[in-house]
Amino acid sequence: MIHAIRRELWPMLRLSVPVVMAELGWMAMGVVDTIMVGPLGPEAISAAGVGTSMHMGFAVFGTGVLLGLDTLVSQAFGRRDIRDCHRWFIDGLMLAGMMSVPITALCALVWLLIPSLGFHGDVRPLLESYFGIVLLSTPFLLFYAACRRYLQGMHLVTPVVFALVTANLVNAGANWTLIYGHLGFPAMGVTGAAWATFLSRIYMLAVLLTAVWWYDKKRTEQIGLGHEHGLWRVPRVIDGARLKRLLSLGLPAASQMLAEVGVFALATALSGTLDPISSASHQIALNLAGMSFMIPLGLGSAGAVRVGHAVGAGDRPGASTAGWTAILVGTVVMVVSGLTFVLIPRQLIGLFTTNADVLRVGTSLLMLAAVFQLFDGIQGVITGTLRGIGDTRTPMIVNLAAHWLLGLPVGYTLCFILGWGVYGLWVGLSLGLIVVGVILLWVWSVKIRHYRAVAVSRDSELRTQDS
């Protein structure tokens, strides 16, 4: 097993490093927003953070449904069935379009309800302005997700990294211009940060659509086929059976993401009802923990693709090796992350603000984050490896139970009933993540052991028949 992991390590890293960079680039956009509104005060940090978390709490369901493309595209690619990869991409675009309208409408409804949701008086008007603009980016975000999953499933991760790295430059430049009023534009404050996010998401979609077109054109020319055999010649009709299959994988994955991201989004919204110092501290610590989590999340996506390719090729031992390799790398990374939070918490919080109160509270929250780093990393990777073998339901059930039936109630009780404040919320969040990590590690061990046993049994039967 050790020899097999060593052999798998380089292919895993070769795929996962660009995917991790893409995830870090995605998270960096929110971090940059938080840093650049930081000089405007804790109220601005809170509004931008709460607005981003609230929007992602809804948009993540749509992007999560499209995670089913990880399994379907990667398995089709493992079979060398490029035409089926193309068809899944078109199906994904159609599904993204269908989901855009209800999700955007739901966000608009929440925007209308913001005045009655109990946010702090200094945060509420800024939040209304920020959220009302960011929700307009929902359709672009969903179409981007479909493009990204298709490209990753075919090992084409370079354009994803390029899109996110350059989108961060677009976002930072637009933030500088619109927040503080440079280049002849008026100083828009938090509203400018929202428009910067909107523009950068349009840009990301444009880059990936261009990449999809370019790679398809290149592939058809290399194999000597006319363009009538390319991606854009795939029938663009709604196929109920295919959409049902995509939804059967995507809905549990989306529910799992909604269970995890949603609980953090709700916790962020609840922090917005506290004082601006607590809310800003929560947002900064959550940004740092989120940046750390992007590494196992990217490893999980790479693990889903590597495991999916092995499944599509009928290589069950290879699927097991790919999964365990991703888990091992994720474990090492998150141990280092936890130690970093313990050793230099104040310096990390200081990247965002010089406010003494925010530094004090944020440092304490980052110490709590260090406790759950390992478990958060394990569950992030295993959610991906399970997706590679087609199991998206188990992570959904575990996340729903651990976060919503245990972590959130405990956090709410400690924060608002026992008076622990924002610290109580973080204790509850930590408890939920620890439980999810432990359970999913056990689930993966059992499932992959059974999966390999079936392969060994079949090989034994074939040898017996041959003899």
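The values are calculated or read from the model by the stated rules, or taken from the named source; none is laboratory data. Just so it is clear, the structure is predicted and the values come from calculations on it, not from any experiment. Ideal geometry is used to build each Cβ from the backbone, glycine not excepted, and the neighbour counts take in all protein chains shown. The accessibility values were calculated without ligands, DNA or RNA, using every heavy atom of the protein model including side chains. Shrake-Rupley method; radii C 1.70, N 1.55, O 1.52, S 1.80 Å.
Taking 0.36 nm per residue of separation and subtracting the Cα-Cα distance, what length does fully extending Phe185 through Lys244 add?
16.5 nm
Provide the FRET efficiency to the nearest 0.05 for the Arg360-Val335 pair, computing r from the beta carbons and using R0 = 30 Å. Walk me through the numbers before you get to the answer.
Working: r = 26 Å, r/R0 = 0.88.
The pair Arg360/Val335 has a calculated efficiency of 0.70.
Net charge near Leu366: determine it from the other residues with C-beta under 12 Å of the C-beta of Leu366, scoring Lys and Arg +1 and Asp and Glu -1.
Numbers: positive: Arg346, Arg360; negative: none.
Taking every other residue near Leu366 into account, the sum is +2.
Keeping all protein chains in place, calculate the accessible area per residue for the chain (probe 1.4 angstrom), answer in Å².
Accessible area per residue: 40 Å².
What net charge do the residues around Leu66 carry, taking every other residue with its C-beta under 13 Å from that of Leu66, with Lys and Arg at +1 and Asp and Glu at -1?
Values: positive: Arg148, Arg149, Arg387; negative: Asp70, Asp91.
Result for the neighbourhood of Leu66: +1.
What is the percent carbon and sulfur in the accessible area of segment 147-263, measuring with a 1.4 Å probe over the protein chains and ignoring ligands?
Summing carbon and sulfur atoms, their accessible area is 67 percent of the total for segment 147-263.
Output the relative contact order of the chain, whole-number percent, from Cα pairs under 8 angstrom with separation of 6+ residues. Don't skip to the answer; put the middle values down first.
Numbers: 762 pairs, mean separation 105.4, N = 467.
Relative CO of the chain lands at 23 percent.
Compare the Cα positions of Ala356, Leu72, Phe372 along the charge dipole of the chain (+1 at Cβ of Lys, Arg; -1 at Cβ of Asp, Glu; about the Cα centre) and return the one farthest towards the positive end.
With unit charges placed on the Cβ atoms, the residue in question is Leu72.
May I ask you to derive the relative contact order of segment 58-184, considering only C-alpha pairs under 8 Å and at least 6 residues apart, and to give it as an integer percent?
Working: 90 pairs, mean separation 46.1, N = 127.
About 36 percent, as a whole number.
Between rounded, prolate and oblate, where does segment 9-80 land on the alpha carbon gyration tensor, with a ≥ b ≥ c its root eigenvalues, rounded for a/c under 1.5, else prolate if a/b exceeds b/c?
oblate
Can you tell which of Asn287, Ser255, Trp426 lies farthest toward the positive end of the dipole of the chain, using +1 and -1 charges on the Cβ of basic and acidic side chains (Lys, Arg; Asp, Glu)?
Of the candidates, Ser255 comes out farthest on the positive side.
Pop the C-beta distance of Val342 and Leu9 into the FRET formula with R0 = 22 Å and round what comes out to the nearest 0.05.
Efficiency for this residue pair is about 0.20.
How far apart, in nanometres, would the label points at Arg83 and Trp232 be if each is projected 7 angstrom from Cα along the Cα-to-Cβ direction?
2.0 nm
If you count, for each residue, the other Cβ atoms within 10 Å and average over each peptide, how do 43-51, 65-73, 348-356 line up from highest to lowest?
The packing order, highest mean first, is 43-51, 65-73, 348-356.
Under a Cβ-only charge scheme (Lys and Arg +1, Asp and Glu -1), can you give me the dipole magnitude of the chain about the Cα centre, in debye to the nearest 20?
Roughly 1240 debye for the chain.
Sum -39500 (n - 2.57) across every DSSP H segment of at least 4 residues in the chain, then divide by the residue count to get the 222 nm mean residue ellipticity, nearest 500.
Helices in the chain give a 222 nm mean residue ellipticity of -28500 deg cm²/dmol.
Which order do the peptides 429-439, 201-211, 282-292, 373-383 take when ranked by the mean count of other beta-carbon atoms within 10 Å per residue, highest first? Please list the in-between numbers first.
On the way: 429-439: 23.0, 201-211: 19.6, 282-292: 25.2, 373-383: 27.9.
Put in order of decreasing packing, that is 373-383, 282-292, 429-439, 201-211.
Using a 1.4 Å probe on the protein heavy atoms, what percent of the accessible area of segment 285-385 belongs to carbon and sulfur?
Of the solvent-accessible surface of segment 285-385, carbon and sulfur hold 71 percent.
Among the helices of the chain (complete DSSP H runs), which have Cα atoms covering no less than 18 Å along the helix axis and a Kyte-Doolittle mean of at least 0.0?
Once both thresholds are applied, what remains is 2-37, 42-65, 82-113, 138-153, 158-180, 190-222, 240-271, 276-312, 316-343, 356-388, 422-466.
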